[in-house]
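Bear in mind these aren't lab numbers, they're just calculated from the coordinates by the rules spelled out. The structure displayed is predicted, hence computed values, not measured ones. We place every Cβ from the backbone using ideal geometry, glycine too, and count neighbours over all the protein chains shown.
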Amino acid sequence: MTAVSIVGCGYAGLRLARLHVGRGDAVRGFATRPQSLRDIEAAGATAGALDLDREVPPLDAEGRIVYYLAPPAPDGDRDPRLTRLLGALAGAPRRVVYMSTTGVYGDHDGGWVDESTPPQPRTPRARRRLAAETTLRDWCGGRGLSWCILRVAGIYGPGRLPMERLRRGEPAIMPQEARPTNRIHVADLARACLAAGLAGCASGRIYNVTDGNDDSQTAYLQRVARLCGLPPPPLLGREAVRLASSPGAWSFLSESRRVDNRRMLEELGVALEYRDLDAGILASLQG
């Protein structure tokens with residue numbers, strides 16, 4: 001039986017918890033919201049309330065796989081939430097797995113990136129993620145502990161399809177001006193997390209987590225509209241969409257890259273269930 005702690009046990013963490021519980025592992029899930037705590041218990045794990053914006057009490061980590069899936073702080077250049085968590089770990093964890101983002105690569109104008117590509121984060125959110133990666137590597141390296149970093153593309157799945165956006169008729173960039181994007185179904189993300197925690201080869205490694213599909217955001221929206229029976233998004237030029245978008249939404253659309261996932265597939269042996277984007281969207285509609 002493997003002992004597991006999942007910090008930030010929410011949308012992806014609950015699916016990871018179910019995978020570990022299905023293996024017969026002893027799982028603790030930590031979250032802030034009462035509903036998340038109830039969901040953790042319903043998944044067969046032990047729930048613990050944890051507010052990473054306050055002082056974190058000591059957490060037993062001896063021999064445990066610790067997954068850190070919580071989002072970074074909303075501002076600043078660092079992630080004090082991760083720092084608080086690491087400072088509270090009591091004992092030597094078997095491995096710490098950190099969920100980062102492919103956003104740390106920055107904009108490559110549709111070009112390919114892999115794990116050897118130097119990070120060039122452009123947004124404050126991505127800079128905080130890269131700073132957290134460094135914090136984890138330094139903390140584990142100074143103690144001789146195992147770590148693994150997952151750089152995750154855009155997550156979609158049940159309850160995470162852009163259906164309300166389509167119903168509101170928000171515009172998308174016309175196909176000839178749209179650029180490649182990357183994503184991963186939440187169920188496949190959970191499988192990648194499980195492999196990152198258990199595989200011996202994952203120690204001290206970074207993995208891109210994406211399904212290998214590089215549809216533009218426009219093509220993705222058109223797929224969702226077609227499969228959900230919704231009107232396709234109105235199409236505008238890139239500059240017109242920029243002016244119509246919030247700064248946060250545009251921060252995603254302004255960057256483009258094709259993310260290589262071969263290391264995840266070949267080294268971790270992750271078997272993706274939803275390589276086909278249509279299949280992933282249809283599965284998401286079924287819950």
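Within the chain, what is the longest stretch that has no GluC sites (Glu not before Pro) placed in a DSSP loop and near at most 11 other beta-carbon atoms within 10 Å?
Longest run free of exposed loop sites: 63-287.
Rounded to the nearest 20 debye, what is the charge dipole size of segment 91-178 about its Cα centre when +1 sits on each Lys and Arg Cβ and -1 on each Asp and Glu Cβ?
In total the dipole reaches around 500 debye.
Sorted from fewest to most neighbouring beta carbons within 10 Å, what does the list H20, H185, H108 look like?
H108, H185, H20
Taking segment 1-62, which trypsin sites (Lys or Arg not before Pro) meet the DSSP loop condition and have no more than 13 other C-beta atoms within 10 Å?
Answer in residue order: R23, R54.
Report which label in [x] 1.13; [y] 1.18; [z] 1.00 holds the value of Cα Rg over 2.2 N^0.38 Å derived from the coordinates of this structure.
Step by step, Cα Rg over 2.2 N^0.38 Å for this structure corresponds to label [z].
When 1/r is averaged over all different Cα pairs and the result inverted, which Kirkwood radius in Å belongs to segment 1-159? Intermediate values should be presented prior to the final figure.
Details: mean 1/r = 0.0614 Å⁻¹.
The answer is 16.3 Å.
On a full-extension model of 0.36 nm per residue, what is the gain between A240 and T46, subtracting their alpha-carbon distance, rounded to one decimal in nm?
Contour length minus Cα-Cα distance gives 65.0 nm.
Out of P171, A240, L37, whose Cα points farthest toward the positive end of the dipole of the chain (charges: +1 Lys, Arg; -1 Asp, Glu; placed on Cβ)?
L37
Can you compute the modelled spin-label distance between Q35 and E177, with each label point 7 Å from Cα toward Cβ, in nm?
3.7
If contacts are Cα pairs under 8 angstrom and at least 6 residues apart, what is the relative contact order of segment 76-131 in percent?
RCO, segment 76-131: 48 percent.
Could you put F252, F30 in order, starting from the residue whose Cβ has the fewest other Cβ atoms within 10 Å?
Taking fewest neighbouring Cβ atoms as first place, the list is F252, F30.
Which residue, chosen from P93, P72, T83, occupies the Cα position most advanced towards the positive end of the dipole of segment 10-115, where the dipole is computed from +1 (Lys, Arg) and -1 (Asp, Glu) charges on Cβ about the Cα centre?
Of P93, P72, T83, it is P93.
In degrees, nearest 10, range 0 to 90: what is the angle between the Cα axis of helix 186-198 and the longest Cα principal axis of the chain?
Approximately 30 degrees, to the nearest 10.
Any idea what the relative contact order of segment 72-193 is, in percent, if you count C-alpha pairs under 8 Å spaced at least 6 apart?
Answer for segment 72-193 is 30 percent.
Can you give the helix-only mean residue ellipticity at 222 nm for the chain, where every DSSP H stretch with n ≥ 4 adds -39500 (n - 2.57) and the sum goes over all residues, rounded to the nearest 500 deg cm²/dmol? Provide the component values of the computation, followed by the final result.
Working: 10 runs with 102 residues, N = 287.
It lands at -10500 deg cm²/dmol.
Can you tell me, using C-alpha contacts under 8 Å and at least 6 residues apart, the relative contact order of the chain as a whole percent? Provide the component values of the computation, followed by the final result.
Working: 580 pairs, mean separation 53.0, N = 287.
This gives 18 percent for the chain.
Restricting the count to DSSP beta bridges whose residues both fall in the chain, what percent are antiparallel, rounded to a multiple of 5?
On the way: 1 of 38 bridges.
Of those bridges, close to 5 percent are antiparallel.
For T218, T102, T46, what's the fewest-to-most ordering of other Cβ within 10 Å of each Cβ?
T46, T218, T102
What does the convex hull of the Cα atoms of segment 148-287 come to per residue, in Å³, rounded to a whole number?
Numbers: hull volume 14.8 nm³, N = 140.
Residue-normalised Cα hull volume stands at 106 Å³.
According to a simple spin-label model (label point 7 Å from Cα along Cα-to-Cβ), what is the distance in nm between A249 and E266?
4.0
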